[in-house]
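**Student:** Pasting a structure here, questions to come.
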Amino acid sequence: MRHLISPLDFSVEELDRLLKLANDIEKNPKKYSEACKGKKLATLFYEPSTRTRLSFEAAMLNLGGNVLGFSEATSSSASKGESVADTIQIISCYADIVAMRHPKEGAALVAANNSSIPVINAGDGGHQHPTQTLTDLLTIQSLKGRLDNITIGLCGDLKFGRTVHSLISALLRYENVKFILISPTELKVPKYILENIEAAGAEYKEVTKLEDVIGSLDLLYMTRVQRERFFNEEDYIRLKDSFILDKKKMKLAKDDMLVLHPLPRVNEISVEVDKDPRAVYFKQAQYGVYVRMALILTLLEVEVC
Ligand code: CP
């Protein structure tokens, strides 16, 4: 039995197979429409979500399976003090696979260690968000045609942005990926991520101004400032509008630079950018359904001929 807790839980070859499966699902959705008939996905969301929870549920429904779960900790027995370890043992009796989001770093690993069904980390605090990374990789591979030889700018809250941490870890396994880390000084990427980049021998640069580097990028990965992870509101207010991508800045970018964003967006991308063909963040959310379908099939070891 396998879980997905970290973006590195799959080898590059396994990832390649997963992305190919997601591409086939996109092209031939009918072929997969009964692949998980009789199977159940539990979504345990102790933190708010729109895309991750609903795309997991859509994925399982598209595969002909069923879904159950909760969307906030207060409507579960966590509010009475039940531990993640106990909850997961109970859910193992009700479902075949579980996707869990939790505000505490490491919670998904605790769940996996106590589970008799596959556990998918749907985000654990400021740590990792591996299924967003699968979504990002599928988007980049499908729309850019490659995962290597790219210069990617990651912009915004690089300290608390778990999608950024997971994406950097995943991209470090591909050849010649250069990272331009664009953030206010207070929201720089954590030291352990920089150490990982250095250990992998990848090139990186830390900067504070988007307009200075946007012209050199193949991909721009925007992120919001993560209000829920700040210790005080004053700091959030001071930093929340550090970067706003607008038409003027897009004029400085290459014609084929793609703009990704895990969403939700707050202010960091002006809505005027949405119509720019280089803005692919809504397509990215659609890719999230295909890749989660591929992930469910893979972890449940369901083969479709
Ligand atoms: N990208 C993402 O994780 O979005 P949600 O918080 O809406 O799930």
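The values are calculated or read from the model by the stated rules, or taken from the named source; none is laboratory data. Just so you know, these numbers come straight off a predicted model, no measurement behind them. No Cβ is skipped: glycine too gets one built from the backbone with ideal geometry, and neighbour counts run over all protein chains shown. Please note that ligands, DNA and RNA were not included when accessible areas were found on the heavy atoms of the full protein model with its side chains. Shrake-Rupley method; radii C 1.70, N 1.55, O 1.52, S 1.80 Å.
**Student:** Report the residue count in the stretch 27-61 for those that are of a type in the set (Lys, Arg) and more than 28 Å from Gly125 (Cβ to Cβ).
**Tutor:** Residues that pass the stated criteria total 5.
**Student:** So, one more: Run down Thr43, Thr50 and say which single residue is surrounded by fewer than 16 Cβ atoms within 10 Å (Cβ to Cβ), under 22 Å from the mean Cα position of the chain (by Cα) and among the β-branched types (Val, Ile, Thr). Show your work before the answer.
**Tutor:** Numbers: Thr43 fails: surrounded by fewer than 16 Cβ atoms within 10 Å (Cβ to Cβ).
It is Thr50.
**Student:** Filter the stretch 149-173 down to the residues that are in contact with an Asp or Glu (Cβ under 6 Å, 6 or more places away or on another chain) and closer than 12 Å to Leu219 by Cα, then identify the one that is least open to solvent (accessible area, probe 1.4 Å).
**Tutor:** Ile150
**Student:** Those residues that are farther than 15 Å from Lys159 by Cβ and basic (Lys, Arg), I need them from the stretch 172-192; list them, please.
**Tutor:** The answer is Arg173, Lys178.
**Student:** Now for a different question. Confirm whether Leu181 is open to solvent by less than 10 Å² (accessible area, probe 1.4 Å) and not in a loop (DSSP other than H, G, I, E, B).
**Tutor:** Yes: the conditions hold for Leu181.
**Student:** Out of the residues in the stretch 39-87 meeting the condition of being aliphatic (A, V, I, L, M) and over 25 Å from Thr163 (Cβ atoms), tell me which one is farthest from the ligand (Cβ to nearest atom).
**Tutor:** Ala85
Condition check ((1) open to solvent by 70 Å² or more (accessible area, probe 1.4 Å); (2) part of a helix (DSSP H, G or I)) across all residues:
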{"site": "Ala58", "(1), (2)": "no, yes"}
{"site": "Val67", "(1), (2)": "no, no"}
{"site": "Thr74", "(1), (2)": "yes, yes"}
{"site": "Ser79", "(1), (2)": "yes, yes"}
{"site": "Asp86", "(1), (2)": "yes, yes"}
{"site": "Gln89", "(1), (2)": "yes, yes"}
{"site": "Cys93", "(1), (2)": "yes, yes"}
{"site": "Glu105", "(1), (2)": "yes, no"}
{"site": "Ser115", "(1), (2)": "no, no"}
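**Student:** How many of the residues making up the stretch 18-38 are over 24 Å from the mean Cα position of the chain (by Cα) and either within 16 Å of the ligand (Cβ to nearest atom) or in contact (Cβ under 8 Å) with a residue 12 or more places away in the chain (or both)?
**Tutor:** Residues that pass the stated criteria total 6.
**Student:** Return yes or no: is His127 modelled with pLDDT under 95, within 16 Å of the ligand (Cβ to nearest atom), touching a Gly at 6+ places or on another chain (Cβ under 8 Å) and open to solvent by 20 Å² or more (accessible area, probe 1.4 Å)?
**Tutor:** Taking the combined requirement at face value, the residue satisfies it.
**Student:** While we're on this one: Among the residues of the stretch 193-207, write down those that are surrounded by fewer than 15 Cβ atoms within 10 Å (Cβ to Cβ) and within 14 Å of Cys155 (Cα to Cα).
**Tutor:** Once the filter is applied, which keeps residues that are surrounded by fewer than 15 Cβ atoms within 10 Å (Cβ to Cβ) and within 14 Å of Cys155 (Cα to Cα), the stretch 193-207 yields Lys205, Glu206, Val207.
**Student:** Restricting to the stretch 216-275, count the residues that are within 16 Å of the ligand (Cβ to nearest atom) and open to solvent by 70 Å² or more (accessible area, probe 1.4 Å).
**Tutor:** 3
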